[in-house]
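For reference, the structure discussed in these notes is given below.
The values are calculated or read from the model by the stated rules, or taken from the named source; none is laboratory data. All of these numbers come straight from a predicted model, not from anything done at the bench. Glycine also receives a Cβ, built like all others from the backbone with ideal geometry; neighbour counts cover every protein chain displayed. When the accessible area is computed, the model is the full protein with side chains, heavy atoms only, and any ligands, DNA or RNA have been set aside. Shrake-Rupley method; radii C 1.70, N 1.55, O 1.52, S 1.80 Å.
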Amino acid sequence: MTVIQTTHQRELVNEAPRALPTSLTAFFAAGAGFSVATIYYSQPLLGMLTEEFQAPAQQIGWIPSLTQLGYALGILFLAPLGDRYNRRSIILVKAGLLMLALLGAALANSLGGLLAASLCIGLMATMAQDIVPTAATLAPESSRGKVVGTVMTGLLLGILLSRVMSGVIADWFGWRSMFVLAAISLLGIFVVAWRALPNIPAASSLPYVQLLGSLFRLWQQYGALRQASLVQCLLSMGFSAFWSTLAVMLHSAPFHMGSSAAGLFGLAGAAGALMAPIAGRQADRSGPVRVALMGAALVAVFFLIMMGMNWVEASVTTHLIVLAIGTVGFDMGVQVSLIANQTLVYSLEPAARSRLNAILLVMVFIGMTLGSLIANQMLAYFGWSGVMGFAAAVAVIALMLRMKK
């Protein structure tokens with residue numbers, strides 16, 4: 001990757017941002033993708049790790065759980081620091097620490113060591129959520145949505161491809177090799193960030209405790225933030241409800257399909273990722289509220305269609321076709337809504353973009369967690385029809401909330 005700016009060009013002047021170079025936008029997308037991917041690398045490795053450490057599955061299951069917990073804690077307690085300190089420094093520090101955490105996982109000779117490394121990986125992987133507001137800050141307002149959408153494409157592709165890449169590499173070279181390669185990728189991100197990123201002066205001088213306290217002030221002050229966050233929380237509930245129960249549903253009658261089938265449905269996420277820059281450009285042209293409304297409507301419509309299929313007598317093939325189309329449709333809607341809502345909240349208070357992003361994503365995480373918990377209960381008591389009914393209901397509520405002036 002070429003050097004985008006020399007050292008003497010790094011100081012950011014207090015004037016309207018110029019058009020962001022394509023190479024820098026591409027770097028942001030790659031950095032977001034490679035950093036967020038580290039959260040998911042361990043998931044396909046759990047079977048190997050069970051044999052490696054001779055531990056029960058319940059204990060091994062703490063590896064991805066601690067990684068996700070670290071990521072959630074990092075969003076809440078570390079992401080707001082982007083408003084208090086130079087974002088370039090934060091990205092460099094997190095990239096370096098994430099690289100060390102990945103090497104720690106690769107060298108772990110006990111389950112306890114791997115668990116500790118997993119927690120650290122989750123904490124430092126929040127570098128992705130420093131990169132997105134950094135890109136939004138450097139981009140001019142006229143193309144901010146497009147830039148955010150492009151960076152989010154990289155982030156979403158990192159999530160989508162991480163499990164596939166991890167499984168393939170581990171099968172060929174062993175599970176430790178995946179963490180080593182991940183560390184090497186972060187070393188590359190660190191080097192390019194060191195040479196390419198401009199300095200971005202702190203937007204706030206608040207002490208850390210007051211910085212965290214200001215999250216409540218922002219929530220109370222901006223109705224648009226509350227609306228966007230609640231809408232995305234509800235859509236995330238439906239999203240998580242679907243994906244956390246899909247494999248179980250496909251395994252049961254009348255489908256009797258293996259776990260690989262759920263993985264193939266997961267490729268529908270590529271459609272959502274590819275929609276991100278399109279949604280961003282449309283948000284620049286017609287406004288993020290209108291695009292967010294369109295995204296919520298897509299989710300509601302496709303969940304209602306999939307819910308309705310449970311009451312129609314049709315062949316297994318027809319059900320699978322509708323399920324595949326619905327998966328692509330609602331996933332696109334969720335991503336369109338997320339990009340538009342991010343663009344919207346970034347415009348509320350430029351000096352608080354990292355905190356605004358943290359609030360939005362904490363609500364997304366809450367929605368994902370609640371959606372998974374509720375969907376498993378719905379599946380146990382009411383079957384797949386109950387899951388789809390729940391997903392459709394929260395999507396319709398999100399749409400109604402988004403339509404509220």
Per the list (1) surrounded by fewer than 20 Cβ atoms within 10 Å (Cβ to Cβ); (2) modelled with pLDDT under 95, residue check on Gly188 breaks on (2)
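Please tell me if Gly329 is touching a Leu at 6+ places or on another chain (Cβ under 9 Å) and within 25 Å of Gln68 (Cα to Cα).
Details: touching a Leu at 6+ places or on another chain (Cβ under 9 Å): yes; within 25 Å of Gln68 (Cα to Cα): no.
Answer is no for this residue.
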Go through (1) touching a helix residue (DSSP H, G or I) at 6+ places or on another chain (Cβ under 8 Å); (2) part of a helix (DSSP H, G or I); (3) more than 30 Å from Ser143 (Cα to Cα); (4) open to solvent by 50 Å² or more (accessible area, probe 1.4 Å) for Thr317 and report which single condition fails. (1)
Taking Val248 and the conditions (1) open to solvent by 40 Å² or more (accessible area, probe 1.4 Å); (2) in contact (Cβ under 8 Å) with a residue 12 or more places away in the chain; (3) in contact with a Ser or Thr (Cβ under 9 Å, 6 or more places away or on another chain), which numbered condition does it fall short on, given that it satisfies the others? (3)
Of the conditions (1) open to solvent by 60 Å² or more (accessible area, probe 1.4 Å); (2) under 17 Å from the mean Cα position of the chain (by Cα), Leu66 satisfies every one except a single condition; which number is it? (1)
The helices (runs of 4 or more DSSP H) lying entirely within the stretch 171-261 that contain at least 3 residues which are within 30 Å of Leu100 (Cβ to Cβ) are 175-196, 208-221
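Could you list, in sequence order, all residues of the stretch 74-101 that are β-branched (Val, Ile, Thr) and farther than 22 Å from Leu215 by Cα? Please lay out each step first, then the result.
Of all residues in the stretch 74-101, those β-branched (Val, Ile, Thr) come to 75, 90-91, 93.
Selection gives Val93 alone.
Do we have Val362 as touching a helix residue (DSSP H, G or I) at 6+ places or on another chain (Cβ under 6 Å), within 29 Å of Arg217 (Cβ to Cβ), surrounded by fewer than 20 Cβ atoms within 10 Å (Cβ to Cβ) and in contact (Cβ under 8 Å) with a residue 12 or more places away in the chain here? I'd like the intermediate steps shown before the answer.
Values: touching a helix residue (DSSP H, G or I) at 6+ places or on another chain (Cβ under 6 Å): yes; within 29 Å of Arg217 (Cβ to Cβ): yes; surrounded by fewer than 20 Cβ atoms within 10 Å (Cβ to Cβ): yes; in contact (Cβ under 8 Å) with a residue 12 or more places away in the chain: yes.
Answer is yes for this residue.
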Pairs under 7 Å by beta carbon, first residue open to solvent by less than 50 Å² (accessible area, probe 1.4 Å) in the stretch 99-115, partner basic (Lys, Arg), six or more apart or different chains? Ala106/Arg176
For the stretch 82-98, how many residues are over 25 Å from Leu49 (Cβ atoms), in a helix (DSSP H, G or I) and open to solvent by 40 Å² or more (accessible area, probe 1.4 Å)? 2
Would a scan of the stretch 28-36 turn up a residue that is open to solvent by 40 Å² or more (accessible area, probe 1.4 Å) and closer than 30 Å to Pro350 by Cβ? yes
